[in-house]
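The values are calculated or read from the model by the stated rules, or taken from the named source; none is laboratory data. These figures come from a predicted structure and were not determined experimentally. Counting neighbours? That spans all protein chains shown, and the Cβs are built from the backbone with ideal geometry, glycine included.
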Amino acid sequence: MPLALFFLIELFLWLRWVLFAGFCATWRAVHYRGETIRKHEGLSRISQMTKILSISLGYCMPPAEIYAFGLYKSSSKRDVLSYIFTHELPAFHLWRNAKRAETLKASQVLQDKYETAKLLGTKGIPMSPLLAMVPRGAAFDAKVFLQDHPRIFLKPRHGSRSQDAFIIEIKNGQGRIAIYAVKNGCQAQPATQEQLCQAMQRDDFLVQPFLNNHDSFSALTPAMDVVTMRVITEYHPRSGISCYSATIEIPHDSDPVQYGHIILPIDLASGRPNPFPDVHLPVEVQARYGAIHQRMGGFIIPFWEDIYKSALHAHECFPDIYAIAWDYVATPKGPYLLEGNTGWGTRTPQMISGGLLLNINS
């Protein structure tokens, strides 16, 4: 893109934000969170509006994330500028990888779920079993796989965020195939054969057995969806590979479309889930998170040490990428790695650990 055109587009986006969109976004955020903040923190809605509007317009930052990070309570410019916001996410990951010449090649391999499974499987990483890879547009008969597996999971070879992913099962006693779309990592609304076929025209598809939760998770969620552990590892040229963040993501069956998962940080040393920092959550969400954490008691993630070591070992295969989010499941047979992500979201890790730019180690 010509530089002049780039600046023209950026000027238009900035003017739209400071003249109109920023005011609307701030009003919506204060309308949603303002009264609760007033009751529990004693900060009036007018004060919230003034503070959030000044940050939002001055730095072009989304008001919802200003609330999420608690920046309306800070008067420090250093605190405000230490966070990465959603609209900055692609640029942040590109910037962190900029000094590594082989990053593009490594990222392409990691984004190819089939090639990643082959590579990491040879390194002893426990990968989710693969039943078949169906080429784009090829015929697919689910009944062939459902003979040996009650449920199967289909995902595109190059997909992300559960887009175009499906769960297929045979209804008990009916003999017919039921297809479900996947949203936010959870089984969502029923899908049609036509929708599945259209998705399989866009990419190669991986066919996997649907993995079941370890028995210890049964008290945490009655949902059929799997509990996942996300481990974000970083590679630093001086100190090597370390873990930046680890969380457990528990499907919440009351409204998976809206809430998706209850996310709790994991203590790296013990594998024990910690409570989520309450200061960053709406009151009704705090209650939901608190109830799950209280139900856990002294719960420890099954196979945690294996998962932790496996994530560090997996990153050794991609030293040109600065940080990777690895998604694991713990099953009765042991832990399995589902995939690695280079474009991982930063909101939740920053709500737990603070701004990524505050003490960044390049």
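Can you name every residue in segment 204-222 that is more than 22 Å from residue 146 (Cβ to Cβ) and touching a His at 6+ places or on another chain (Cβ under 9 Å)?
If we filter segment 204-222 for residues that are more than 22 Å from residue 146 (Cβ to Cβ), which is where we start, we get 214-222.
Result: 221, single match.
Which of (1) modelled with pLDDT of 90 or more; (2) over 19 Å from the mean Cα position of the chain (by Cα); (3) not small (Gly, Ala, Ser) is the odd one out, the single condition residue 283 does not satisfy?
Every listed condition holds for residue 283 apart from (1).
Being hydrophobic (A, V, I, L, M, F, W, C) and assigned to a helix (DSSP H, G or I) is the filter; apply it to segment 54-90 and report the residue that is surrounded by the most Cβ atoms within 10 Å (Cβ to Cβ).
The first filter runs over segment 54-90 and keeps only residues hydrophobic (A, V, I, L, M, F, W, C), leaving 55, 57, 60-61, 64, 66, 68-69, 71, 80-81, 84-85, 89.
Among the residues that remain, those that are also assigned to a helix (DSSP H, G or I) are: 55, 57, 64, 66, 68, 71, 80, 89.
Values: 55: 19, 57: 16, 64: 19, 66: 27, 68: 20, 71: 23, 80: 17, 89: 15.
Selected residue: 66.
Looking at segment 91-108, which of the residues that are surrounded by fewer than 16 Cβ atoms within 10 Å (Cβ to Cβ), among the hydrophobic types (A, V, I, L, M, F, W, C) and more than 23 Å from residue 347 (Cβ to Cβ) is modelled with the highest pLDDT?
Looking at the filtered set, the residue picked out is 104.
What's the number of the only condition in (1) under 24 Å from residue 331 (Cα atoms); (2) not in a loop (DSSP other than H, G, I, E, B) that residue 130 fails to meet?
Every condition holds for residue 130 apart from (2).
I need the full set of residues from segment 204-233 which are crowded, with 19+ Cβ neighbours inside 10 Å and among the charged types (D, E, K, R), in order please.
Selection gives 225, 230.
Yes/no matrix, rows are residues, columns are (1) of a type in the set (A, V, I, L, M); (2) surrounded by fewer than 17 Cβ atoms within 10 Å (Cβ to Cβ):
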site: 142; (1), (2): yes, no
site: 145; (1), (2): no, no
site: 150; (1), (2): no, yes
site: 155; (1), (2): no, no
site: 158; (1), (2): no, yes
site: 161; (1), (2): no, yes
site: 166; (1), (2): no, no
site: 176; (1), (2): no, yes
site: 181; (1), (2): yes, no
